[in-house]
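What follows is a single structure, and I will ask about it in a moment.
The values are calculated or read from the model by the stated rules, or taken from the named source; none is laboratory data. Please read these numbers as outputs of a predicted model, since none were measured by experiment. Here the Cβ is made from the backbone with ideal geometry for all residues, glycine too, and neighbour counts use every protein chain on show.
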C-alpha cells in the first residue's frame, strides 16, 4: 500500500491524475539483489511485487555485469536496493553494451545517498525515475518514500512519511522541535513493531507510547519532507564541533573519481576524535589524498575535512543488505 500511495502521490504532485490499472500493460519486473531476511528484500520489494502481481527476478549475489545482462534479458522495469548498486551500474565500463531502456525506476534505501546520484540517474537512464526512501527493521522497512520531481527538487531528502504514518523531530528530552531543526527522529504508524523479542530494557528505551525512537538525527521541513542528517551514534565530535558523516561523504561523492565513500572517527588525544575517510575510486579514474581533502575543504568548514583518506581497491565492506560496515572500518583506524 505504501508503494502504491507513493506512486499516486507523484502523479498528483505534478498535477496529473493517477492512471487506472491496465491489465494489458506490459508486466512490471523488479530485479532483487538483497536477501529476503532483511527488511528491504522482504517488505520493500517482495511485498509490493506480490501486491502488484509483478515479476521478481532474483540474484543470489550482486554483480553489476550479471545485473545488466538480466535487465536486458528480463526487461526489468525497476532495480536498485542500496545506492552502491545504482552507482556501479552507472559507472560500469561495459554499460553501453547492454540495452537498459526498459528501466522505469532506479530506487534505493538502506543507506545515505548522495544528491549527485539523482542527477546521474537522470543523465544516464533518461526515462528512468530515481527513487529513495527511509525505514528501519523496526518500521517494517519503508516509512518514507521519495520519487520523481519531488526527489529531483529535494535530492538530499528521503521524502515524507507514508499516508498512515507520522514523523517528528525531538530534543534529547522528547520535546517536539519546530520545522528545520535538527534532532532525533521518531516514527509512529501501524507498521512500527511493538517490541524487541525478549529484550524488555531495549524495548522500553526505544518504543514510547507507540512511537519508535530511531536514533537518527534529522530535520523535517514545512511540507513534511524528512532529511536524514546522520546516525546519532555515528556523528563525530571533533574538539566540541559536530561533524555529520553523511555531509562529508556527500561532498566526496561529488568528486568525479569517487565511487564509494565512508567517514569514521579516529581517536585523538586532545580533540576526542578526528575524521578519516575511506574511498574507492571509479574504474580508470585517479585522485590523490591531497586532492580529495582540498575538494572537501572547498565545500565544507575546515574542521570537517578528513585528516586522512584511505583508498580501497574494492568496494567498501558491506553487510548482506548493502550497508557499509563502519564498525569494520573503525577497527582499521583503532576506534
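Quick test for you: out of 326, 304, 282, 330, pick the one residue that is more than 22 Å from residue 239 (Cβ to Cβ) and in contact with a strand residue (DSSP E or B) (Cβ under 7 Å, 6 or more places away or on another chain).
Working: 326 fails: more than 22 Å from residue 239 (Cβ to Cβ); 304 fails: more than 22 Å from residue 239 (Cβ to Cβ); 330 fails: more than 22 Å from residue 239 (Cβ to Cβ).
Every option except 282 fails the conditions.
For residue 219, only one of the following conditions fails: (1) in a strand (DSSP E or B); (2) within 30 Å of residue 332 (Cα to Cα). What is its number?
Looking at each condition in turn, residue 219 falls short on (2).
Continuing with this model, one more query. For a quick check of your reading: which strands (runs of 3 or more DSSP E) sit entirely within segment 53-169 and have at least 1 residues that are under 28 Å from residue 245 (Cα atoms) and in contact with a helix residue (DSSP H, G or I) (Cβ under 9 Å, 6 or more places away or on another chain)? Spell out how you get there, then give the answer.
Values: elements: 55-58, 78-81, 105-108, 129-136, 141-147.
Strands (runs of 3 or more DSSP E) meeting the threshold: 78-81, 105-108, 129-136, 141-147.
Answer with yes or no whether residue 254 is closer than 30 Å to residue 92 by Cβ and modelled with pLDDT of 90 or more. Reasoning before the result, please.
Values: closer than 30 Å to residue 92 by Cβ: yes; modelled with pLDDT of 90 or more: yes.
Yes, satisfied.
Another question, then. Of all residues in segment 19-43, which are touching a strand residue (DSSP E or B) at 6+ places or on another chain (Cβ under 8 Å), crowded, with 16+ Cβ neighbours inside 10 Å and in a loop (DSSP other than H, G, I, E, B)?
28, 33, 34
So for segment 239-251 (the condition being touching a residue at least 60 places away in the same chain (Cβ under 8 Å) and assigned to a loop (DSSP other than H, G, I, E, B)), does at least one residue qualify?
Taking every residue of segment 239-251 in turn, at least one turns out to be touching a residue at least 60 places away in the same chain (Cβ under 8 Å) and assigned to a loop (DSSP other than H, G, I, E, B).
Moving on to the next point. So in segment 269-304, with the set limited to residues that are in contact (Cβ under 8 Å) with a residue 60 or more places away in the chain and part of a helix (DSSP H, G or I), which one is nearest to the chain's Cα centre (by Cα)?
The selected residue is 304.
If you check residue 187 against the conditions, is it buried (at least 18 other Cβ atoms within 10 Å of the Cβ), at pLDDT below 95 and either in the same structural domain as residue 84 (by TED's automatic domain parsing) or part of a strand (DSSP E or B) (or both)?
Spelling it out, it is not the case that residue 187 is buried (at least 18 other Cβ atoms within 10 Å of the Cβ), at pLDDT below 95 and either in the same structural domain as residue 84 (by TED's automatic domain parsing) or part of a strand (DSSP E or B) (or both).
Could you tell me whether any residue of segment 241-249 is surrounded by fewer than 18 Cβ atoms within 10 Å (Cβ to Cβ) and in contact with a strand residue (DSSP E or B) (Cβ under 8 Å, 6 or more places away or on another chain)?
yes
Based on what the data block shows, is residue 48 assigned by TED's automatic domain parsing to the domain that holds residue 146 and modelled with pLDDT under 85? Walk me through it before giving the result.
On the way: assigned by TED's automatic domain parsing to the domain that holds residue 146: yes; modelled with pLDDT under 85: no.
No: the conditions fail for residue 48.
Ok, one more. Restricting to segment 61-82, what's the tally of residues that are modelled with pLDDT under 90 and surrounded by fewer than 21 Cβ atoms within 10 Å (Cβ to Cβ)?
So the first thing to find is which residues in segment 61-82 are modelled with pLDDT under 90, and the list is 61-62, 80-82.
Filter once more, so that each one left must be surrounded by fewer than 21 Cβ atoms within 10 Å (Cβ to Cβ): 61-62.
Count: 2.
May I ask you to verify whether residue 315 is out of contact with any helix residue (DSSP H, G or I) (no Cβ under 9 Å at 6 or more places or on another chain), closer than 18 Å to residue 114 by Cβ and not in a helix (DSSP H, G or I)?
no
Also: Take residue 195 and tell me if it is outside any strand (DSSP E or B), under 30 Å from residue 89 (Cα atoms) and not assigned by TED's automatic domain parsing to the domain that holds residue 144.
It is false that residue 195 is outside any strand (DSSP E or B), under 30 Å from residue 89 (Cα atoms) and not assigned by TED's automatic domain parsing to the domain that holds residue 144.
Still on this model: Of all residues in segment 83-105 being in contact with a strand residue (DSSP E or B) (Cβ under 7 Å, 6 or more places away or on another chain) and farther than 14 Å from residue 322 by Cβ, which is surrounded by the most Cβ atoms within 10 Å (Cβ to Cβ)?
Per the stated criteria, the residue is 103.
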